[in-house]
Amino acid sequence: MMTMMGGGEKLTQLGSAVAGIMFIWAMFKQYFPPELQGHIEKYTHKLISYVYPFIQITFQEHPGDGFERSTAYAAIERYLSTNSTNRAKRLKANMVRDSRSIILSMDDYEEITDEYKGIKLWWASSKNIPKTQMFSFYGGGEEKRYYKLRFHRKHRETITKNYLNHVLDEGKAIEVRARQRKLYTNNRSEQWVGYRRTMWSHVVFDHPATFDTLAMEPNKKKEIINDLITFSKAKDYYKKIGKAWKRGYLLYGPPGTGKSTMIAAMANLLEYDVYDLELTAVKDNTELRKLLIDTSNKSIIVIEDIDCSLDLTGQRKEEEKDEKKDEEEKDPVKKKMKGDREQSNSKVTLSGLLNFIDGLWSVCGSERIIVFTTNYVEKLDPALIRRGRMDKHIELSYCSFEAFKVLARNYLDLDSHELFAKIRVLLEETKTSPADVAENLMPKSAEGDADTCLENLIKAIEAAKEEARLKAEEEARLKAEEEEKLKAEKEKEKEEKSAEDVEEKKTAVKEVKENGVIP
C-alpha cells in the first residue's frame, strides 16, 4: 500500500514539473519577440554543447525540396531493418518496389541501440510535420522523415570515417539480396522522350536454370563456376591492375546446346540483372553508349546471335556474300534475317561496338559481365572476340554422356539404368543436341515412365543417325556427280579446243596455198 502511494506521489511531482516547464515555455514565447527568441535559443544551444557529451547527425529522407529519395536514407533504413525487428517495440511494414519480401522498419519516434567495435550508438526515427498542410508535386512534401544518430563525441572520428561507411555498404548489400532481379530489353530511341521516358523495359527475371541442372561435363561446369565467383570477388584486384571491373564471355556452338540456359544459370549464380541488348533497335554508336550508361552494376549485358544482329563480321568478303545470296533467297529464315537487317537502319559500327565493350565508355559502371552468343564463331571478326574483350571462350557442343546423365537426373530422377550403356554408344556416334535429348526425356503422357522415355530417346538417336548416314551418302553422291560433271566439261572443253586447233591449222594451210607460198 505504501509502495503504491509512493509511486502516486512521484507521478504527481513529475506532472507538476512538466506543467511548470510548459508554463515557462509559454511565457517565453508570449513575452519575448521572435528576434530575441532566436538569439536566446542560439546561445542556449552553444551553452549546452559545451557540457553535453553527445554528437547528433540527421539523415533526411528527401534532402531539400527534391523529388528523389536519399540513397543514404534508404541504405540506413535497410541496415536498421535487421536490428529493429529484434529490438524495436513498435514497427511498421512496407512492401518496397522490386523487393521480394516485406520490409520491417522502426515506427516514427522509435529508438534503438547499435554497437560498433565496442562503441554504443542510438538511432531514432522521427518526422517533421509542417504547420500548414499543402499539396506538393515532390515526394515527402507533407511529412519529412529523418533518422537521427547519436553517439559520444570522443568517438567522432571512428563513427564518421568508419561506422557510417559500414552502415551504407551493409544497407546496400541487404538491398541487393532482397531485391527482385530483372530482365531488361532496350527500347527504340523514339520511346526515350516524354514524361514516362525510359531506355529499357523490364520484367521480373525468374528463370529456374542453375548450374546444377545445366547439361554439361562436371569439370567444365566447375571451371566456369570458379571463374564467375572469382570475378565477383575481385573488385580490389581489378583496381590494383588498372582494369575496369568487367569480364567478357563468348558462348558458341550449334543450335540447341544451351547458350541461353547458360546465361540464366550465370545470372542466378551471381544474382545479377540481365540486359538483353537488341542491336538492330539501336540507331547509332551514340545511342549504344547511352544505353550502356543507363545499365546498373551487378548485371549481365547479353547480345545473342551476334553474327546475325548486324553486319559486324569483318571476315565476310564480297564474293562470299555473292555466293550465299541465292542460298539466302531460298531459305525463308535467312531471307527474313536479311530483311530485318535491311529494315533496322542501324548505323552501329564494329568500332562503336568495340568501344562499348573495351573502350573508355566501358568503365561507366562496374561488376558487369558482357556475353556474346553465336552459332558460327568462324564468322566473327577476330578483333571482336580477342582476349581482353571476350576473356573466356566457352564452347557448348553436342550432348555428351556426362551431360545426358544430368538431364536424366533432372527429367526422370535417374542416376543409372540398363539402357544407359546403349545410349552412351549412340551419343558417341551421333551428333545430338542437349535440347533434342531433353525433349525425348520429357514424358508425353501421364502413363509415360522412365523406360518409355529412354526407349523413345534411343529411337530418336537411331533415326537421327540413319538420317545423317543417308544425308552423308546423298552428299557423297552429289559430290561424285558434280566431279563427273566437271570432268565431262573439262573433256568437252579439251575436245573443242583440239577441234579449234585443227581448224586453225587448216585455215593457215589454205591461206598459204592461196597466196602461193609453200610452207
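The values are calculated or read from the model by the stated rules, or taken from the named source; none is laboratory data. Fair warning: this is a prediction, and the values are worked out from it, not measured in the lab. Cβ coordinates were reconstructed from backbone atoms using ideal geometry, including for glycine residues, and neighbour counts include every protein chain displayed. For accessibility, only protein heavy atoms count, side chains too; no ligands or nucleic acids. Shrake-Rupley method; radii C 1.70, N 1.55, O 1.52, S 1.80 Å.
Contact list please: Cβ distance under 8 Å, first residue in segment 142-164 and more than 18 Å from residue 71 (Cβ to Cβ), second residue of a type in the set (Val, Ile, Thr) and open to solvent by 70 Å² or more (accessible area, probe 1.4 Å), pairs at least six apart or on different chains. Between residues of segment 142-164 that are more than 18 Å from residue 71 (Cβ to Cβ) and residues that are of a type in the set (Val, Ile, Thr) and open to solvent by 70 Å² or more (accessible area, probe 1.4 Å), the close pairs are 142/129; 143/129. Looking only at residues of segment 72-118 that are small (Gly, Ala, Ser) and in a loop (DSSP other than H, G, I, E, B), we find that the one that is modelled with the lowest pLDDT is 101.
Restricting attention to segment 265-273, does a residue exist that is exposed (fewer than 15 other Cβ atoms within 10 Å of the Cβ), within 24 Å of residue 432 (Cβ to Cβ) and out of contact with any Cys (no Cβ under 6 Å at 6 or more places or on another chain)? Checked segment 265-273: no residue is exposed (fewer than 15 other Cβ atoms within 10 Å of the Cβ), within 24 Å of residue 432 (Cβ to Cβ) and out of contact with any Cys (no Cβ under 6 Å at 6 or more places or on another chain). Taking the listed residues 313, 295, 286, the one that is assigned to a loop (DSSP other than H, G, I, E, B), modelled with pLDDT of 85 or more and assigned by TED's automatic domain parsing to the domain that holds residue 255 is 295, with no other qualifying.
Within segment 386-406, residues that are in contact (Cβ under 8 Å) with a residue 40 or more places away in the chain reach partners that are open to solvent by less than 10 Å² (accessible area, probe 1.4 Å) and assigned to a helix (DSSP H, G or I) with beta carbons closer than 7 Å, at six or more positions or on different chains, in the pairs 389/357; 394/224; 396/262; 399/437; 404/423; 404/437.
If we scan segment 409-416, do we find a residue that is modelled with pLDDT under 90 and in a helix (DSSP H, G or I)? Scanning segment 409-416, I find no residue that is modelled with pLDDT under 90 and in a helix (DSSP H, G or I), so the answer is no. For segment 227-247, the set of residues classified as open to solvent by less than 80 Å² (accessible area, probe 1.4 Å) and assigned to a helix (DSSP H, G or I) consists of 227, 228, 229, 231, 232, 238, 241, listed by residue number.
When segment 427-470 is filtered for residues that are aliphatic (A, V, I, L, M), open to solvent by 60 Å² or more (accessible area, probe 1.4 Å) and in contact with a helix residue (DSSP H, G or I) (Cβ under 7 Å, 6 or more places away or on another chain), only 442 remains.
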